[in-house]
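The structure appears below as structure tokens.
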Amino acid sequence: MVDLELKRDRVTIRFKQNKWEWIIEPRYWRNSILWVALLLVFPAATYFISPGLINTMISANLLAAIAMPMSLMGLGTGRVNFGPNFFVGIGGYTAALLSIGLGWGPLTTLPFALMVTLFAALLYSPLVIVARGLYYVLLSLLLPFVFFEVTVIYTDIFKGDTGLFGIKPLINTGNAKINFLAIAYISIGIMITYLWVINKVIKSRYGLIMATINDDEEVAHGIGVNINKVKIITFVAAAAMIGIIGWFYAHYFSSFAGQTYLTFTFMLKVFLTMMIGGRTQIFGCIVGGYFVAFLEMIMIRTMGPIQPVLFPIILLVLLFVLREGLFGIYRKRRYREYYPTIHVRR
């Protein structure tokens with residue numbers, strides 16, 4: 001027997017033990033549709049006005065696509081991971097080595113990059129159980145640096161200082177501008193997919209369990225939650241999503257270097273994207289990604305050689321000035337709208 005319930009703000013269908021809901025009240029989906037439409041129009045507009053901005057937009061999408069799984073990882077484990085670039089490196093180097101060594105294209109290297117990242121994350125996952133506080137911060141921070149040293153020591157394989165070249169491109173239409181435009185829409189698709197999946201997880205029963213672990217592990221254990229299982233699943237799944245971005249970087253630039261992605265500079269950029277956008281709010285990660293990417297582009301064009309010094313200083317100042325991030329400013333004016341917020345326990 002199928003039961004159909006029509007309410008003011010949603011339609012609910014029940015069949016046996018299953019339940020499906022669709023939100024129909026405009027205030028729940030109107031702004032999301034408008035922002036997605038703006039993101040889809042922006043690359044096409046810049047293609048005719050200023051094609052160089054497409055590259056900046058792609059960088060913004062990828063930063064947001066790393067920051068969102070990083071936020072999910074923080075929610076499910078109750079610990080902030082300061083080394084997401086480790087998984088970027090795993091996915092990127094796997095794709096690069098397979099593409100150069102075997103001549104594989106992006107669609108062929110993707111499942112292998114995903115599997116290797118999953119395996120590395122599974123080996124790494126016990127740290128979220130046995131380490132906490134400062135020890136976990138140091139371990140997660142040092143891991144990409146250790147990986148970078150490995151790429152430098154075994155430079156014949158990884159070429160960590162100069163980078164691997166000759167990777168099959170992500171898109172090759174014969175026209176550079178069209179390539180950038182197509183890649184921009186692929187990056188938007190990945191970012192929006194991550195946003196949709198993570199938002200669904202946070203609003204689900206599993207998201208409630210993760211929030212309970214994040215707030216108080218003892219309470220979660222007391223109500224029968226398998227804390228270790230939830231932590232490992234969340235950590236590995238989020239790491240796999242980040243590894244896909246490493247695969248994207250490798251085929252997008254047709255090169256991959258540990259000097260670029262395994263350093264403190266890249267990690268700081270991702271972390272500030274997450275925090276400045278909205279203090280680890282998943283919607284704020286998109287705002288933060290665009291803000292950081294376009295601020296860096298403007299400063300490179302205007303500040304010249306002092307840009308590497310001023311850029312992190314400005315971001316750190318904003319980190320302390322905007323207590324709820326850039327997205328928090330919007331939420332103050334639209335307080336009736338619901339957005340999930342990730343609270344990371346200290």
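Throughout, read-outs are computed from the coordinates displayed, never taken from laboratory work. These numbers come from a predicted model, not from an experiment. Neighbour counts run over all protein chains shown; Cβ positions are idealised from the backbone, glycine included.
Points worth noting:
- For the peptides 222-230, 10-18, 69-77, residues were scored by their other Cβ atoms within 10 Å and the scores averaged per peptide; the highest-first order is 69-77, 222-230, 10-18.
- Most mobile of Ala293, Ala240, Ala45 in a GNM of the chain (Cα contacts under 10 Å): Ala45
- When segment 50-333 is described by a simple charge dipole with +1 on each Lys and Arg Cβ and -1 on each Asp and Glu Cβ, the residue from Ser125, Gly207, Leu62 located farthest towards its positive end is Gly207.
- In a reduced charge model with +1 at each Lys and Arg Cβ and -1 at each Asp and Glu Cβ, segment 50-333 shows a dipole moment near 700 debye about its Cα centre.
- Isotropically averaged projected area of the chain, using the convex hull of Cα atoms (one quarter of hull area), nm²: 20.4
- For the pair Tyr135 and Trp20, a Förster radius of 45 Å applied to the C-beta separation gives a FRET efficiency near 0.55, rounded to the nearest 0.05.
- Cβ-derived FRET efficiency at R0 22 Å, Ser32 paired with Ser254, nearest 0.05: 0.05
- For segment 143-204, chymotrypsin sites (Phe, Trp or Tyr not before Pro) meeting the loop criterion (DSSP other than H, G, I, E, B) and having at most 16 other Cβ atoms within 10 Å: Tyr154.
- Enclosed volume per residue, in Å³, of the convex hull spanned by Cα atoms of segment 62-174: 121
- Those trypsin sites (Lys or Arg not before Pro) in segment 89-185 that DSSP places in a loop and that have at most 16 other beta carbons within 10 Å: Arg132
- Taken over segment 246-316, the alpha-carbon convex hull comes to 105 cubic angstrom per residue.
- Using a simple spin-label model with pseudo-atoms 7 Å out from Cα toward Cβ, Leu316 and Leu142 lie 2.3 nm apart.
- Spatially close lysines, pair count over the chain: Cα under 19 Å, gap of eight or more or interchain: 7
- Helical mean residue ellipticity (222 nm; -39500 (n - 2.57) per DSSP H run of 4+; nearest 500) of the chain: -24000 deg cm²/dmol
- Sorted fewest first by neighbouring Cβ atoms within 10 angstrom, Ile329, Ile213 come out as Ile329, Ile213.
- Ranking of Val292, Val197, Val130 by neighbouring Cβ atoms within 10 Å, starting from the fewest: Val130, Val197, Val292.
- Gaussian network model of the chain, Cα within-10 Å springs - most flexible of Arg301, Arg79, Arg205: Arg301
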